Structure formats: structure tokens, C-alpha cells
1. Determine, for Ser159, Ser211, the number of other Cβ atoms within 10 Å of each Cβ, and report the residues in order from fewest to most.
2. Enter the angle in degrees (range 0 to 90, nearest 10) between the Cα long axis of helix 128-138 and the first principal axis of the Cα atoms of the chain, meaning the one along which they spread out most.
3. Which order do the peptides 191-200, 116-125 take when ranked by the mean count of other beta-carbon atoms within 10 Å per residue, highest first?
4. Which cross-chain or sequence-distant (5 or more) residues have an amide H under 5 Å from the amide H of Met216, H modelled 1.01 Å from N in plane?
5. Per q in 0.14, 0.15 Å⁻¹, report the Debye log10 I(q)/I(0) for the chain, using one uniform scatterer on each alpha carbon and no solvent.
6. Determine how many Å³ per residue the convex hull of the Cα atoms of segment 1-60 encloses.
7. Within 10 Å, count the other beta carbons around each residue, average over each peptide in 56-63, 228-235, and list them highest first.
8. Can you classify segment 107-214 as rounded, prolate or oblate using the Cα gyration tensor, where a ≥ b ≥ c are the square roots of its eigenvalues, rounded means a/c under 1.5, and otherwise it's prolate if a/b beats b/c and oblate if not?
Amino acid sequence: MKRQDFRFFHPLRVRWAEVDMQKIVFNAHYLMYFDVAITEYWRALALPYEDAMHELGGELYVKKASVEFNASARMDDMLDIGMACTRLGNSSMTITGAIFRGEEHLISGELIYVFADPATQTSRPIPDALRALVQGYEAGEGVLTVRTGPWAELGAGASAVRTAVFVEEQRIPREEEWDAADQVALHAVAHNRLGQAMATGRLLPAEGGVSKIGRMAVHRVLRGTGVGRQILTALMDAARARGDRTVRLSAQRTAEGFYRRLGYTPVGEPYDEVGIPHLLMEKHL
């Protein structure tokens, strides 16, 4: 088994609690590594596991797990865990895993899951939407679609993400989240291949060549996967296409680094907005 057999990899560093007196990893921990990696595999498919399985009307249960040992990982090793779906049956799917230290193949694993009714745990056929998503990802297809448009077209998806992130997670009062600007703004929404809204943002009309991007929100499961960058890029492209010279945004301080990496610079001093520290930032187009 070689690295090129895998499209998805999850990095992991071996910690002291996972090794024995010889400083090699306890055998049972390799299954834990694969379990962590499969969680990240679902994220790579833009699949918020709990929400998605509820919508699909089932749950994936481990039927069999096996591990084959070639060599041991040691404390402080930086490992890469490769995961790939190698078989999709009627109700079962096989995930093949491998753990590498550089190019050295240390461990092989095989996880067999069965899609089943969560109430009775009786097997069900894998839904066509899930089957197509997994097959498409393994074939190199994209897992997200970003659309831009008015509130009338994208408001339902944008509202779902903003409610989950701002109202429920950050506890911003619902009445402070919605305003008349939604009706005149250009919205961007990213949907996964199940049609679930995963991220959103909006671009307000320009004044004197300066426009404002706001209401940037990403489903908590998909943060760090690049979907926020896709939303911001789509909005900046729209601003550039209509001739805007500068875009500004009110960034939460916890997201300042994200915007800096995309070329935004601070303007003025930090301030509070709805009880959350913010910083005005801008980028010249």
C-alpha cells in the first residue's frame, strides 16, 4: 500500500500518553487514530455528520475493524493517516486506512460500516445521495457549490447558517441579526452535495467605490476546511466585477488572522459590536 493510493490524509503527532515504556505506540491506539481520521474524512466531504445522517434517515455502525502491523510508530512521530472508501455495497461500505511516517507504511486498517436504522439498528440500503457523494469525492470531484444571488434565491440557506452560528452558537439576539440590508445585498451561500447550506456571507451596495462584506458565517463542523475562503473570494470577485475599488468588513477579533492571510489590513482601533470584539479591516481591489 502506497501514499498515492489515498486522496485524503489526516496529520497526527504521537503523544506521550499513547506510548509504552519503549516509546512505541500501544497497539489499541491505532484504531483510535483511524477513528479520528474518519471523522476528518467526513469533514473533507463537507458532511456535518450528525445533521447529515439525520437527514438521510440512518446511521453508520462499525461492523468490523481490523488492523495489520508492519512497523511501530514512536513518541513524537508525525504521522499521516490515509483514508479511502474502497467498496460500497448495498448497505455496507468499506473504508481502507493506512498510517505513514513519511513514505514508510507502518499500519494498515479496514473498517466496515453498515448503514442502519438508528432506532432498530437494522440495515438499510445506502442512500443514493450518500453513495454519489462518496463516489464523487473519491473520483476527485468537488464537494461544495458556491452560488451568489439575491435574498429571494439564497435567503433560506443563508438564514439557516447565520441562525446556527450567530444566534444559537454566539448568542447574538435574534432581532439584532436580521436587517433590511439583506434585501439589497448580494449573498453567497455554499451548499454541500446533499443540498445543506454550509457557509454564507453578503456584499452590500458600494458607496463611493467602497463596499462592505458582512455576515460571514461557516458551519462549525467545516471551519478550517477552506469554505470560508471560497465565500469571501466569491464576494470579492463580485465586488471587483462591478467596479468597486475597496472592500471593508467588520471582523471578529478571533477571525483577524483569517482575513489578514487574504490580504486585509486593519483600519482604526478595535471596538465592540453586539458584545463581541471586532476590528474594521479593508482590502483594495
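Read-outs throughout are calculated quantities, based only on the coordinates presented, and are distinct from any laboratory measurement. Just so it is clear, the model here is predicted, and its values are computed rather than measured. Here the Cβ positions follow ideal geometry from the backbone for every residue, glycine too, while neighbour counts run over all protein chains shown.
1. With the fewest neighbours first, Ser159, Ser211 line up as Ser159, Ser211.
2. That works out to roughly 80 degrees.
3. In decreasing order of mean packing, 191-200, 116-125 become 191-200, 116-125.
4. Arg202
5. Debye output, listed in q order: -1.06, -1.12.
6. Cα-based convex hull of segment 1-60, divided per residue, equals 126 Å³.
7. 228-235, 56-63
8. In terms of gyration-tensor shape, prolate.
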